[in-house]
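*Asks:* Here it is, the structure, as structure tokens.
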Amino acid sequence: MSSAFADRPRGRDGGGTLPSSPSVFIALGSNLGDSEAILEEAFARLATLSDHPLLRSSLHRTEPVDCPPGSPPFLNAAAGLVPSAGLTPEGLLALLQGWEREAGRRPKVVLNEARPLDLDIIAFGTEVRNTPLLTIPHPRATRRRFVLAPLAEIAPGLVLPGERRTVGEILRAWTQDAGAV
Ligand code: AMP
């Protein structure tokens with residue numbers, strides 16, 4: 001699996017490099033229940049899928065975007081992993097959806113309603129999917145600051161398939177754009 005880095009991602013201590021570059025990136029979010037504990041558990045589970053130590057961002061408290069009125073704020077984060085042999089995008093999605101249900105997520109009634117756990121595949125190496133079940137790279141990854149900021153923390157040099165700029169460059173451009181959410 002190739003990964004598309006303009007420079008190498010930073011390790012957990014923010015300084016060193018990992019022996020192999022993470023190529024699979026997950027966005028995590030929670031705005032219901034004990035969000036911090038729920039995200040910690042999700043990080044721990046994601047680590048079991050990685051052949052190298054999980055890259056994990058800090059937790060970002062963010063205001064809800066495109067959510068029903070009165071929705072609580074979110075905790076958002078990003079993780080990067082080196083996929084264990086045999087892990088496919090579809091297999092990963094099935095795992096993530098199972099974990100969302102285990103965390104108490106109910107079938108969606110209202111668009112973007114509060115949820116204990118939301119796990120989205122942002123990128124799976126250079127794989128591209130456009131099926132009813134799975135779109136990768138995630139179509140909203142570069143349009144949501146709450147996804148981009150944690151991702152830029154762990155992989156500023158990542159170039160998502162179909163993009164020319166790095167995640168860090170896109171975030172910097174957004175920071176100058178008053179309309180970014
Ligand atoms: P959400 O409400 O954001 O959790 O959306 C869940 C739905 O998005 C599920 O039906 C998934 O099959 C679909 N989906 C499409 N692409 C992705 C992706 N890259 N990561 C996670 N879910 C996805």
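The values are calculated or read from the model by the stated rules, or taken from the named source; none is laboratory data. What you are looking at is a predicted structure, and each value in this text was computed from that prediction instead of being measured. Cβ coordinates were reconstructed from backbone atoms using ideal geometry, including for glycine residues, and neighbour counts include every protein chain displayed.
*Asks:* Looking at (1) away from the ligand (no atom under 12 Å from the Cβ); (2) farther than 14 Å from residue 80 by Cβ; (3) touching a residue at least 60 places away in the same chain (Cβ under 8 Å), which is the one condition that is false for residue 173?
*Replies:* Among (1) away from the ligand (no atom under 12 Å from the Cβ); (2) farther than 14 Å from residue 80 by Cβ; (3) touching a residue at least 60 places away in the same chain (Cβ under 8 Å), the lone unmet condition for residue 173 is (3).
*Asks:* Now a separate question. Show the residue pairs that are 6+ apart or on different chains and have beta-carbon atoms under 6 Å apart, the first residue being within segment 128-139 and more than 8 Å from the ligand (Cβ to nearest atom), the second being assigned to a loop (DSSP other than H, G, I, E, B).
*Replies:* Final answer for the pair search is 128/161.
Residues checked against (1) away from the ligand (no atom under 12 Å from the Cβ); (2) free of Cβ contacts under 8 Å to residues at least 12 places away in the same chain:
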residue	(1), (2)
72	yes, no
118	no, no
141	no, no
151	yes, no
169	yes, yes
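*Asks:* Right, here's the next one. May I ask you to list the residues in segment 60-94 that are part of a loop (DSSP other than H, G, I, E, B) and closer than 12 Å to residue 31 by Cβ?
*Replies:* Answer for segment 60-94, where residues must be part of a loop (DSSP other than H, G, I, E, B) and closer than 12 Å to residue 31 by Cβ: 63, 64, 65, 67, 68, 70, 71, 72, 73.
*Asks:* Tell me the residue from 110, 147, 159, 128 that is touching an Asp or Glu at 6+ places or on another chain (Cβ under 8 Å) and β-branched (Val, Ile, Thr), please.
*Replies:* 147
*Asks:* Continuing with this model, one more query. Looking for whichever is at pLDDT below 95 and closer than 28 Å to residue 61 by Cβ here; the options are 18, 39. Which one fits?
*Replies:* After applying the criteria, what remains is 18.
*Asks:* Now, a different point. Restricting to segment 102-116, and then to whatever is within 11 Å of the ligand (Cβ to nearest atom) and surrounded by 13 or more Cβ atoms within 10 Å (Cβ to Cβ), can you tell me which residue is farthest from residue 68 (Cα to Cα)?
*Replies:* 105
*Asks:* Just the residues that are out of contact with any Phe, Trp or Tyr (no Cβ under 8 Å at 6 or more places or on another chain), under 15 Å from residue 118 (Cβ atoms) and of a type in the set (A, V, I, L, M), please, taken from segment 30-87.
*Replies:* Scanning segment 30-87 gives 32, 38, 39, 46, 59, 75.
*Asks:* In segment 76-94, which residues are surrounded by fewer than 18 Cβ atoms within 10 Å (Cβ to Cβ) and either basic (Lys, Arg) or more than 11 Å from the ligand (Cβ to nearest atom) (or both)?
*Replies:* 84, 85, 86, 88, 91
*Asks:* How about segment 41-59: which of its residues are surrounded by 14 or more Cβ atoms within 10 Å (Cβ to Cβ) and either of a type in the set (S, T, N, Q) or not in a loop (DSSP other than H, G, I, E, B) (or both)?
*Replies:* Kept after step one, since they are surrounded by 14 or more Cβ atoms within 10 Å (Cβ to Cβ), are these residues of segment 41-59: 41-43, 45-47, 49-50, 52-57, 59.
Matches in segment 41-59: 41, 42, 43, 45, 46, 47, 50, 55, 56, 57.
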